[in-house]
Amino acid sequence: MKFFIPGAKNAQQAEEVYAATKNVAETTLGGSVTDRRIFAITYQHEGREYRAEVGQLDPRVDETVMVILESNAYLVCTKLRGVLRGAPVLVGHEEVLEITDFE
């Protein structure tokens, strides 16, 4: 899958949203975020299996996933959780079962 941001008008806007989201995550969480571009993660949380995929509704918060970042945890970002405001959905490395990167 080629990199995209849901709702972005073009590749430049997608890059701007990605960079801004990454910057907010680093500032808010006080740690570095890798340059890895993640399309989807499948993980287990509190005994249930979830899949967060860019462009799809996140099963835990029922909002469209905009960006998934890799840091000391995986950061599933939606408009209201990590992109425009708020904290992203945190997924621990030990919870992840599968990762699919963008091309």
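Bear in mind these aren't lab numbers, they're just calculated from the coordinates by the rules spelled out. Treat the numbers as computed from the prediction; the structure is a model and nothing was measured. When we count neighbours, we look across all protein chains shown, and the Cβ atoms used for this are built from the backbone with ideal geometry, even at glycine.
Note on the chain: GNM, Cα springs under 10 Å; of 12, 44, 56, the largest mean-square fluctuation is that of 12. Among 96, 67, the ranking by other beta carbons within 10 Å of each residue's beta carbon, starting with the fewest, stands as 96, 67.
Computed over region 11-101, relative contact order equals 28 percent, with contacts defined as Cα pairs under 8 Å that lie 6+ residues apart. Simple rule: put +1 on each Lys or Arg Cβ and -1 on each Asp or Glu Cβ in region 1-47, find the dipole, and look at 4, 31, 43; the Cα lying farthest toward the positive end is 4. Of the residues 36, 60, 48, which exhibits the maximal mean-square fluctuation in a Gaussian network model of the chain defined by a 10 Å Cα contact cut-off? Greatest mean-square fluctuation among the candidates belongs to 48. Sorting 70, 94 by the number of Cβ atoms found within 10 Å of their own Cβ, with the fewest placed first, yields 94, 70. Applying 0.36 nm per residue to the separation of residue 15 and residue 100 and subtracting their alpha-carbon distance, the gain on full extension is 28.7 nm. Taken about its Cα centre, the chain carries a charge dipole of roughly 360 debye when the Cβ of each Lys and Arg holds +1 and the Cβ of each Asp and Glu holds -1.
Using +1 at the Cβ of each Lys and Arg and -1 at the Cβ of each Asp and Glu in the chain, identify which of 91, 57, 72 lies farthest towards the dipole's positive end. Comparing the listed Cα positions along the dipole, 57 ranks first. Volume of the convex hull of the chain (Cα atoms only), normalised per residue: 91 Å³. Taking the chain as a Gaussian network of alpha-carbon nodes connected by springs under 10 Å, the highest mean-square fluctuation of the residues 47, 31, 82 belongs to 47.
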